Structure formats: structure tokens, C-alpha cells
1. Could you rank Met138, Met257 by how accessible they are, 1.4 Å probe, largest area first?
2. Suppose each label sits 7 Å from its Cα in the direction of the beta carbon; what would the Lys101-Glu293 distance come out to in nanometres?
3. Between Asp270 and Asn212, what FRET efficiency follows from the Cβ-Cβ distance if R0 is 60 Å, with the result rounded to 0.05?
4. On a straight-distance basis, which lysines could pair with Lys336 in a cross-link, Cα separation under 19 angstrom, same-chain partners fewer than 8 positions away excluded?
5. Could you pull out the pairs from Lys186/Lys221; Lys181/Lys244; Lys3/Lys61 whose alpha carbons sit more than 26 Å apart here?
6. For Glu323, Glu363, write out the residues from largest to smallest accessible area, computed with a 1.4 angstrom probe and no ligands counted.
7. Average projected area of the Cα convex hull of the range 341-402, in nm²?
8. Just in the range 173-259: which trypsin sites (Lys or Arg not before Pro) are loop by DSSP and have at most 10 other Cβ atoms within 10 Å?
Amino acid sequence: MKKECIAMLLAGGQGSRLYVLTSDVAKPAVPFGGKYRIIDFPLSNCTNSGIDTVGVLTQYKPLELNSYIGSGQPWDLDRLDGGVHILPPYMQEGEKGSWYKGTANAIYQNIGFVDMYDPDYVVILSGDHIYKMNYDKMLAAHKQANAACTISVLEVPWDEAPRFGIMAVDAEDNITEFQEKPKQPKSNLASMGIYVFSWKKLRQYLIDDEANPDSSNDFGKNIIPMMLNAGEKLIAYRFEGYWKDVGTLESLWDANMDMLSRGDLDLLEDSWPIYARLPAEPPAFIGKASLVEHSVVTQGCEINGTVQNSVLSHGTSVESGAEVAYSVLMPGVTVKKGAVVRYAIVGENCTIEAGATVGESPEKCDADKWGVTVLGPGASVAAGEVVKPNTMLNRDHKEVSR
């Protein structure tokens, strides 16, 4: 059962900044890019990197996520020796069960799982980032440096640095200081929340951290500073590809539009495929009078209207005379005759009735009033209704403030 390296994927986040889109599901289960869900990216990265044992730590509204992952077959993780394992919080004999209190506590509660595989190294991942990354290269850098911890970092604009955990490094990229969301950052090297640890080292630090009643039990706030203070060798691993934390409505919309541009986020290349669990749907149908430009149209879609610069998930329908532009339509959305959807994110199984208007282009609005319009899963917009830009509606058609 011994493995050189396993991955622990933190997928229990509520995703509160996605508001109505995560009212019923955990953030990693939110649809993305027409055929994917956010968690497909780290799971596919594990498979492509040769990591065949993955623990997925779930917590907030996990039913859909658990069902989606299933046996792990789409990602080639349905293994007899290893594979994918769902790890919710649980109660041991003589203890009171508790939610995962922080990222470090989540791993601490699963020390027994990790010990089953007796790994030399553990990769800690987040389930809510869109990116392609070879973890094997990061592991090789960790081993070559004989580090206790390696943290993947990305250069960010200096004005955005206060939003991240920031690393100060020396000439050889040894981490000399860690600042958690600093007001006065000393560097623009931001932590991506991807770590490689030597397991024996991390195991002891998790135990020591758990014994501190004042700890937040968090990697960025507690474990990393504790290791630095103890003189452990921590190194930065510089990542130069596409990476986006889709923790806000705007960043989720941006990432979908980035995928359409086929720049740094090209999901059509064969060298690093992103796998997904797809429902059995018929082929997409594009009607004779339809117009589809620069868009993703997934299987099971029926398009008889106009679709431009948009991402349509499986099972969506755009009826004749309807228009969809610069929008993301999640699975099962229906846009009826003559309806218009612009600059919007439309949640699963929404219905936009005939002649309704959802959202508007920014050039037709005052700058301070414009924003992406969002409909929560199951919402319905009445015939002829106008949903203004920067508005968010839940399934009960009540407006939700951001």
C-alpha cells in the first residue's frame, strides 16, 4: 500500500462569494466551461501528473459533489490500490464529531487515511481553482532542494498582492518570510494554495498545531509560519501558466471568457486533457435559422436562435428569435422565443420566458451601475420581464445583494 506521493484535495468550501450559485452545492461542484465542473481541474492534474491516490475532503453540501466524483472513473482514479476517496468529517470513538475547522485541521483529521499509504510526500490542493499544472515537476523541485515544504507561487500585480499570502524569497527562491494578506507586501509572489510537504515533517506540525487552542488550524496562518520560525527549509516553486481562483462571480465569468479566447487556458489541446463526468445526452443540434459565433455549445444543446461569445452547458435550449451574448449558461437552461441574455451567468435549470431581458452590455450602462447579472439555479424569469445589469436573483425570484 505504500505510495511515494498522494494528494489531499480540499473541496469543502462553501463558496459564499459565489452567492446563489453555491446555495445548494459546494463550490468545487459548480459547472464551468460547458462540460466541466471546477473540481475536474485538480483531479485531472493529479491523473496527468501520475498521482493515483487522492483524498477529497468534503464538507459543505457535499451530496452533488460526492455523486459527481463517484468511483473516480472519468479521471482514471477507480483503482484497487489507491484511487479517489471521499473524506467527510467523522467522529471517532470517545470523541465528539466536528466540522473541519481550517485547512490544516482538515488534514489533521485525516492523518489516519494518509498513514494508510505511508507516503514520503503529500500534495495539498484546493478544489476551486482553474489551471493546468504538472505536480510531478513541483515534487521533483521539492526533492532536489530537500525541502520540508514547497509552495507554488505566481507573480501577481503589486496592487493585487494584499489579497494573497505573499512570499519573500532569497536569490535561490528559499522562502525567508510569509505574509498573510499584507497591507504593505514585500513581494508580489503570491501563494496559489498548492503545497508539497514531506509527510513526516508535516504530520508532527499538524499534531503540534492542534494542541494550540489559539490556532486557526490553517496552513497560511499557522503551519507555514510555524515551520519558518522553526528554521525548516521552505522553497517557492514558480508557476507561469494560467491560474485563476474562481471564488467570485466576476472571476468565474472571466475564466469562462478566457477559455473562449483559447489563450493561456486552451482546453482543446491534447497534451494535458481535462477529464469530466458527462451525462448521456444526444448530440448538439444547431437549427437552420440559428447563428452561433465564437462560442462553446456542449452536447444536448438545441440552438435555434443567436449565440455569440458564450458558453453553453449540456442540455440548454435557445429558441428561435432568442439572443445570448457574453454569457455562461449552466446545464438545463431554457431561453425561450425572443428572450435576450447578455453578460450573465445563468444557473442550472433556469427558465427565461419569451421576450424577457436578462443583463445588458457595459457600453449601454453607467459604469457604476453595470455588472454581470446572475440567476441562481432553478430561477425563472417571467415573459417580458427585465432583469437589470448587476442584479442577482435566487430561485424564489428574490433579489440578493452582493
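1. Values: Met138 0, Met257 30 Å².
Sorted by accessible area, descending: Met257, Met138.
2. 5.7
3. Working from the Cβ atoms, E equals 0.80.
4. Result set, ordered by chain and number: Lys288, Lys388.
5. Details: Lys186/Lys221 17 Å; Lys181/Lys244 17 Å; Lys3/Lys61 31 Å.
Long pairs (Cα-Cα over 26 Å): Lys3/Lys61.
6. Working: Glu323 80, Glu363 140 Å².
My answer, sorted largest first, is Glu363, Glu323.
7. 3.8
8. Working: sites: Lys183, Lys186, Lys200, Lys201, Arg203, Lys221, Lys233, Arg238, Lys244; in loops: Lys183, Lys186, Lys233.
Passing sites in the range 173-259 are Lys183.
The values are calculated or read from the model by the stated rules, or taken from the named source; none is laboratory data. From a predicted model like this one, the values you see are computed outputs, not experimental measurements. Positions of Cβ are generated from backbone atoms using ideal geometry, with glycine treated the same way; all protein chains shown enter the neighbour counts. Just so you know, the surface numbers come from the protein's heavy atoms only, side chains and all, with ligands and any DNA or RNA stripped out. Shrake-Rupley method; radii C 1.70, N 1.55, O 1.52, S 1.80 Å.
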